[in-house]
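Contents: one structure, followed by commentary.
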Ligand SMILES: Cc1cc2nc3c(=O)[nH]c(=O)nc-3n(C[C@H](O)[C@H](O)[C@H](O)COP(=O)(O)O)c2cc1C
């Protein structure tokens, strides 16, 4: 079974590629959180994988929250791995995932870093379409390398050090009032797509989106808005948005 968390499709496309090659089932952590579904039976699974993005060199908050609530039956030392998609490089995610799984009595066979297009456009701009395509091609090849190692049951990177942060709190990047920095402009069509893509169900629709509750800063709302009507303060104005073009639409988990 492969669990993935994905705001803009990078981790989803990698998870889909790995699941197809290993014959594994695939579950969206975002959808499971929305469905409040935490019970999974992995008796018949050969692998247990987590394909998730790097947030501030550690796990996204929703991933840590999901693992804490996860109730697995049938765990019998399956090959357990993490793949961390990142814009530039990974850091403490492996240590954070090792610790989160250890707390559940689950072992770990190691981490793989996977560089993909960077969706954190607050501090940077997306590169040209040509560069994006080259990055996606390189990532696809890198995933094939990871698949070969997984098929051979080779370990990824292992660590026994404690992570600096077990997950990225929203305040880490955006101050305690962080979600109030996400705003909607007059261009909003009222389509509600932002509500459906929010993995934390924290957007309420009152004519236009209103962010309430536990925003993880994943930026799914900002990137998926069809008319770029969601901004983060003024840091994203005029910047191109990003959604990985190589993943399929995945609106429901098969539990
Ligand atoms: C809040 C946030 C923090 C991020 N922090 C990092 C980081 O520390 N290092 C990095 O290389 N990329 C970072 N990124 C970029 C993402 O990890 C990267 O683009 C990832 O592939 C996105 O995955 P997704 O499309 O599945 O959501 C960050 C993105 C977000 C939204």
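The values are calculated or read from the model by the stated rules, or taken from the named source; none is laboratory data. This one's a predicted model, so the numbers in the text were calculated from it and none came from an experiment. Here the Cβ is made from the backbone with ideal geometry for all residues, glycine too, and neighbour counts use every protein chain on show.
Any residue at all in segment 37-47 that is farther than 30 Å from residue 239 by Cα, within 16 Å of the ligand (Cβ to nearest atom) and either in a strand (DSSP E or B) or not assigned by TED's automatic domain parsing to the domain that holds residue 16 (or both)?
Within segment 37-47, not a single residue is farther than 30 Å from residue 239 by Cα, within 16 Å of the ligand (Cβ to nearest atom) and either in a strand (DSSP E or B) or not assigned by TED's automatic domain parsing to the domain that holds residue 16 (or both).
Please specify each residue of segment 66-103 satisfying the condition of being more than 16 Å from the ligand (Cβ to nearest atom) and at pLDDT below 95.
Matches in segment 66-103: 77 only.
Which numbered condition in (1) within 16 Å of the ligand (Cβ to nearest atom); (2) surrounded by fewer than 20 Cβ atoms within 10 Å (Cβ to Cβ); (3) in a helix (DSSP H, G or I) is the only one that residue 63 fails?
So the condition that residue 63 fails would be (2).
Suppose we filter 117, 53 for residues that are touching a helix residue (DSSP H, G or I) at 6+ places or on another chain (Cβ under 6 Å), over 20 Å from residue 159 (Cα atoms) and within 16 Å of the ligand (Cβ to nearest atom); which single one remains?
After applying the criteria, what remains is 117.
Pull up segment 1-29, narrow it to residues that are assigned to a helix (DSSP H, G or I) and in contact with a helix residue (DSSP H, G or I) (Cβ under 7 Å, 6 or more places away or on another chain), then point me to the one that is surrounded by the fewest Cβ atoms within 10 Å (Cβ to Cβ).
Only one residue fits best here, namely 21.
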